[in-house]
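One structure is given here, and the rest of the page talks about it.
The values are calculated or read from the model by the stated rules, or taken from the named source; none is laboratory data. These numbers come from a predicted model, not from an experiment. Cβ coordinates were reconstructed from backbone atoms using ideal geometry, including for glycine residues, and neighbour counts include every protein chain displayed.
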Amino acid sequence: MAYIKETVLPTFKLILSRLVRTTVHLLLKPWPLWCLIVYIAFHWLLRNQVDFELRERVDRWVIVIAQVVGAALVLWSLNKNLGLLDEKTWFPRLWEWGRTLWNIWFPQKTSVNITVVEADDSACISVTTAPSMWSLEERVVELERQYNELHGKIHRHKNELTQRIECTQKDLQCEIELKSNDTRRLIELATVKGLRPQIFGALLVMYGALIPVLN
């Protein structure tokens, strides 16, 4: 009986901890909504604590902070998502745009170096001819030997080429799977996780625009 109690208690604790973690995770997912509620509550609490003459000034500051922070969050999130997908944020793009514009107005001399690389055919197969003093039978034997040697070299090169193709196919398949997983992860980061700051920023801008109407 004691063994059953000791077994059931850790199981219950494990289930309870998982339930708590799952609940907290689900509650934290819509964090832009909770942050907006906190900001609105802080605004109205501060507004009710000051005099009537200062309420308009408080509203103006709340509008400015909401719109500036909201726009900054949207731009920051877009810049981050752009860097995830293209590995280039806005700042390097602006720098490249400025350099391109500078090069158009102030062109510089460019030098081109051409390097000639000699090709080396390592798979070259040589065939020797028999001396003229050999007899016809010896020439036939020598030609047969060279044929067998040539056939063996071709077979070996064929096997090596087949092995290289198979290895290349495996490497390409692994690389495609890795690229697919990376692309899926980047899309998830850019769409799911990267969308929340944009939502929060848009909500702040909308609330800042609605404050004069609500008053």
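Pairs linking a residue in the range 41-70 that is free of Cβ contacts under 8 Å to residues at least 40 places away in the same chain and over 15 Å from M206 (Cα atoms) to a residue that is in a loop (DSSP other than H, G, I, E, B) and among the β-branched types (V, I, T), with Cβ atoms under 8 Å and 6 or more positions apart or on different chains, are V58/V50.
Is it fair to say F52 is more than 38 Å from the chain's Cα centre (by Cα), exposed (fewer than 11 other Cβ atoms within 10 Å of the Cβ) and at pLDDT 80 or above? Judged against the criteria, F52 is a match.
Yes or no, residue by residue, for (1) surrounded by 10 or more Cβ atoms within 10 Å (Cβ to Cβ); (2) touching a strand residue (DSSP E or B) at 6+ places or on another chain (Cβ under 8 Å); (3) closer than 29 Å to L82 by Cα:
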| residue | (1), (2), (3) |
| --- | --- |
| S135 | no, no, no |
| R139 | yes, no, no |
| Q146 | yes, no, no |
| I154 | yes, no, no |
| H157 | yes, no, no |
| C167 | yes, no, no |
| Q173 | yes, no, yes |
| I187 | yes, no, yes |
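Taking every residue in the range 90-106 that is modelled with pLDDT under 80 and pairing it with any residue that is surrounded by 11 or more Cβ atoms within 10 Å (Cβ to Cβ) and not hydrophobic (A, V, I, L, M, F, W, C), at least 6 positions away or on another chain, the pairs with Cβ-Cβ distances below 6 Å are W90/N79.
Within the range 114-127, the presence of a residue that is at pLDDT 65 or above and surrounded by 10 or more Cβ atoms within 10 Å (Cβ to Cβ) is excluded.
Considering (1) more than 19 Å from I199 (Cβ to Cβ); (2) aliphatic (A, V, I, L, M); (3) at pLDDT below 85, the lone condition that L27 does not fulfil carries the number (1).
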